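The values are calculated or read from the model by the stated rules, or taken from the named source; none is laboratory data. Everything numeric in this text was worked out from a predicted model, so none of it was measured. Virtual Cβ from ideal backbone geometry, glycine too; neighbours counted across all protein chains shown. Calculation scope for accessible area: heavy atoms of the full protein, side chains included, ligands and nucleic acids excluded. Shrake-Rupley method; radii C 1.70, N 1.55, O 1.52, S 1.80 Å.
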Amino acid sequence: MSGSGVKYSRVMLKISGEALMGDQGFGLNPPTVARIAQEVKAVQELGVEICMVIGGGNIFRGLAGSAQGMERTTADYMGMLATVMNALAMQSALEQIGVFTRVISAIPMDQVCEPYIRRRAVRHLEKKRVCIFAAGTGNPYFTTDTAATLRANEMGCEAVFKGTKVDGVYDKDPKKHSDAKRYETVSYDEALEKHLGVMDATAIALARDNDLPIIVFSLDEPGGFRTILSGQGTYTLVNAKG
């Protein structure tokens, strides 16, 4: 428990690569990246230690490449490299507003970021640096959702915050169905059984096995990340009880 009225003192923020596109259909939208950086800074100012994992779907998605005939392992490695590009963009945006960061890659590329060494990453967090974990788990066939849950467990995070386009988990797509029902809380097992699309099955199972809560909220809501960390706002909590 942090001393500034927030529930968690160390958290993982997982966002999709698509969240960085803004209104564009591809790539990075610098004003959108800057807005998310401001959200992260606002939370850090509460005294919360922050880890981040950003997907790469705005640049390249391994599954899509595989579906078009590319060899799956190669496609997944390309997707991992896309996450490094997004991590560097977020690092630049954060450091422009005075937030110290480290990009830590599961695939060594010493000229642009640090290799993943758990104890060093923990030390960065203790020094109040934002740690952006890139290149997924470093292995094909695993998503950035799984990477976020894995790193959250390794870093001792108290929750995974999944920023999405909607304000929680619904029983069906709220953009397509006006009668979609939002869950206040949902159990790991229910999320898996009903294929609720919180995260992929491997990530949810890893969170369940380590009793790591997942909080799904809207990244499009200004100030939403900070508001929810303060115990307010609209979100869905995924935990053992549901």
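Out of (1) in a loop (DSSP other than H, G, I, E, B); (2) within 25 Å of I36 (Cβ to Cβ); (3) touching a Gly at 6+ places or on another chain (Cβ under 9 Å); (4) not small (G, A, S), what's the single condition that is false for M70?
Just one mismatch for M70, condition (2).
Please enumerate the residues belonging to the stretch 151-173 that are in contact with a Gly (Cβ under 9 Å, 6 or more places away or on another chain), open to solvent by 10 Å² or more (accessible area, probe 1.4 Å) and either among the β-branched types (V, I, T) or outside any strand (DSSP E or B) (or both).
D167, D173
Cβ-Cβ distance below 6 Å, separation of 6 or more or different chains: which pairs start in the stretch 218-242 with a residue that is charged (D, E, K, R) and end on one that is at pLDDT 95 or above?
R226/A42; R226/V43
Name the one entry in V84, V33 that is in contact with a strand residue (DSSP E or B) (Cβ under 9 Å, 6 or more places away or on another chain), among the β-branched types (V, I, T) and either open to solvent by less than 60 Å² (accessible area, probe 1.4 Å) or in a loop (DSSP other than H, G, I, E, B) (or both).
V84
So the check is Cβ under 6 Å with 6+ separation or different chains; which pairs have a first residue in the stretch 42-55 that's closer than 14 Å to L125 by Cα and part of a strand (DSSP E or B) and a second one that's open to solvent by 20 Å² or more (accessible area, probe 1.4 Å) and not polar (S, T, N, Q)?
If the second residue must be open to solvent by 20 Å² or more (accessible area, probe 1.4 Å) and not polar (S, T, N, Q), the pairs left are E49/R10.
I need a count of the residues in the stretch 40-73 that are closer than 16 Å to K128 by Cα, open to solvent by less than 40 Å² (accessible area, probe 1.4 Å) and not small (G, A, S).
So the answer is 8.
Got a number for residues in the stretch 11-30 being in a helix (DSSP H, G or I) and open to solvent by less than 20 Å² (accessible area, probe 1.4 Å)?
Of the residues in the stretch 11-30, 3 are in a helix (DSSP H, G or I) and open to solvent by less than 20 Å² (accessible area, probe 1.4 Å).
How many residues are without any contact (Cβ under 8 Å) to a residue 60 or more places away in the chain and in a helix (DSSP H, G or I) when one looks only at the stretch 56-67?
Total satisfying the criteria: 5.
Checking the structure you have, find out if any residue of the stretch 211-234 is touching a strand residue (DSSP E or B) at 6+ places or on another chain (Cβ under 8 Å), open to solvent by less than 60 Å² (accessible area, probe 1.4 Å) and farther than 21 Å from Q44 by Cα.
No, the stretch 211-234 contains no residue that is touching a strand residue (DSSP E or B) at 6+ places or on another chain (Cβ under 8 Å), open to solvent by less than 60 Å² (accessible area, probe 1.4 Å) and farther than 21 Å from Q44 by Cα.
Condition first: assigned to a loop (DSSP other than H, G, I, E, B) and at pLDDT 95 or above. Now tell me which residues in the stretch 201-232 satisfy that.
Answer for the stretch 201-232, where residues must be assigned to a loop (DSSP other than H, G, I, E, B) and at pLDDT 95 or above: N210, D211, L212, P213.
Take I50 and decide whether it is among the hydrophobic types (A, V, I, L, M, F, W, C), over 26 Å from Q24 (Cα atoms) and modelled with pLDDT of 95 or more.
Against the criterion (among the hydrophobic types (A, V, I, L, M, F, W, C), over 26 Å from Q24 (Cα atoms) and modelled with pLDDT of 95 or more), I50 qualifies.
Does at least one position in the stretch 105-124 carry a residue that is of a type in the set (K, R), in contact with a helix residue (DSSP H, G or I) (Cβ under 7 Å, 6 or more places away or on another chain), at pLDDT 95 or above and not in a strand (DSSP E or B)?
For the stretch 105-124, residues of a type in the set (K, R), in contact with a helix residue (DSSP H, G or I) (Cβ under 7 Å, 6 or more places away or on another chain), at pLDDT 95 or above and not in a strand (DSSP E or B): present.
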